[in-house]
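Everything below concerns the one structure shown next.
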Amino acid sequence: MSRRYLIAGNWKMNTRSREATALAKAVVDAIGEDTPVDVALCPPAVYLSVVADAVAGTPVGLGAQNLYPANDGAYTGEINAGMLTDVGCRFVILGHSERRALMGETDAQVSKKLQAALAGNLVPIVCVGETLEDREANRTEKVVGTQIRGSLSELDEVRAAGIVVAYEPVWAIGTGKTATPEQAEEVHAFIRKLLGELFTDDVAAQIRIQYGGSVKPGNAKQLLGKPNIDGALVGGASLKADDFLGIINAA
């Protein structure tokens, strides 16, 4: 089954308003109106509206880096799915390793956020991945499998085909280290097999699985050439238009 590549830029806590606008416009101008690759930009929450204006009417989608799983209420500092769609978001990143490690997010919390995202008509990008200690102890499949099962625990097969999974080995995020294409493909194939067990093989074949972890123009083609790698969740390289466009071109 042919799956359309998704290249998403996670800007994390970087950029300011002027930089965000310039970066978004550079991407929009370069990819044009007709691209065979899905592209999303995920700026800091305070710049979502700024980037929304820059990508309005173009194929470039807007994504958020997180959400809170409640409709409305007394949740100071939080942002919900309705607010995100209100400013033009189509995607939302959930369970990124930095939020798991620094903010203590659990699989159960990611599961609730996933349900809220789907209820709000957002495409969730659910992140999973192991630490260097896990990999060296041969616990990659155990850790990733536990995260997949927990994060998708309340998901049914009807809606499962619409999610995106991002495999991000923690040891390769922002370190300059990258899983080899073979290492990445091995885990992606494991994830797809597990998705088939949780849902159906047909559903698993529809779910896009991105790779994230020091993706650059120089290694993107080799990674994206693997059969189970359906795109990239790009960190540092998404902050430079030429680098991000190089990855899009590789796709």
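Along the principal axes of its C-alpha atoms, what lengths does the chain span, in descending order and rounded to whole Å?
Computed over the chain, the largest-to-smallest principal extents equal 45, 45, 34 Å.
With the crude spin-label approximation of a point 7 Å out along Cα→Cβ, what separation in nm comes out for residue 197 versus residue 132?
Distance between label points: 3.0 nm.
Could you check the simple spin-label distance between residue 175 and residue 242, using points 7 Å along Cα→Cβ, in nm with one decimal?
Result: 2.8 nm between the two label points.
Given labels modelled 7 Å from the Cα in the Cβ direction, how far is it in nm from residue 4 to residue 158?
Between residue 4 and residue 158, the simple spin-label model gives 2.4 nm.
Amide H of residue 7 versus every other amide H placed in the peptide plane: which residues, excluding those fewer than 5 positions away on the same chain, fall under 5 Å?
Correct list: 38, 39, 40, 232.
For the ranges 16-23, 36-43, what's the packing order if you count other beta-carbon atoms within 10 Å of each residue, average per peptide, and put the highest first?
Values: 16-23: 15.2, 36-43: 22.5.
Per-residue Cβ counts within 10 Å, averaged per peptide and sorted highest first, yield 36-43, 16-23.
Using mean Cβ contacts within 10 Å as the protection proxy, how do 3-13, 174-184 order, highest first? Walk me through the numbers on the way to the answer.
Numbers: 3-13: 20.5, 174-184: 15.3.
Those peptides, ordered most packed to least, come out 3-13, 174-184.
Less than 9 Å Cβ to Cβ from residue 38, Lys/Arg counted +1 and Asp/Glu -1: what total charge do the surrounding residues give?
On the way: positive: 4, 208; negative: none.
After counting each charged neighbour, the total is +2.
Where in the chain are the helices, taken as whole DSSP H runs, whose Cα atoms extend 20 angstrom or more along the long axis and whose Kyte-Doolittle mean reaches at least 0.5?
Values: long enough: 17-31 (22 Å, 0.59); 181-198 (25 Å, -0.26).
Both cut-offs are met by 17-31.
Of 112/142; 25/240; 112/177; 25/113, which sit over 24 Å apart, Cα to Cα? Numbers along the way, then the final one.
Numbers: 112/142 22 Å; 25/240 12 Å; 112/177 32 Å; 25/113 30 Å.
Long pairs (Cα-Cα over 24 Å): 112/177; 25/113.
Rounded to the nearest 0.05, what FRET efficiency is calculated for residue 76 and residue 141 with R0 set to 41 Å and r the Cβ-Cβ distance?
On the way: r = 39 Å, r/R0 = 0.96.
E between residue 76 and residue 141, to the nearest 0.05, is 0.55.
Contour minus end-to-end for residue 34 and residue 102, with contour as 0.36 nm per residue of separation and end-to-end as the Cα-Cα distance?
Details: separation 68, 0.36 × 68 = 24.48 nm, distance 3.88 nm.
Answer, rounded to one decimal: 20.6 nm.
In whole Å, what is the distance between the alpha-carbon centres of segment 116-163 and segment 183-201?
Cα centroid of segment 116-163 versus Cα centroid of segment 183-201: 11 Å apart.
Values in this text are rule-based calculations from the coordinates and carry no lab data. Predicted model only: the values in this text are computed from it and were never measured. Reconstructed Cβ throughout: ideal geometry from the backbone, glycine too, with neighbour counts over all protein chains shown.
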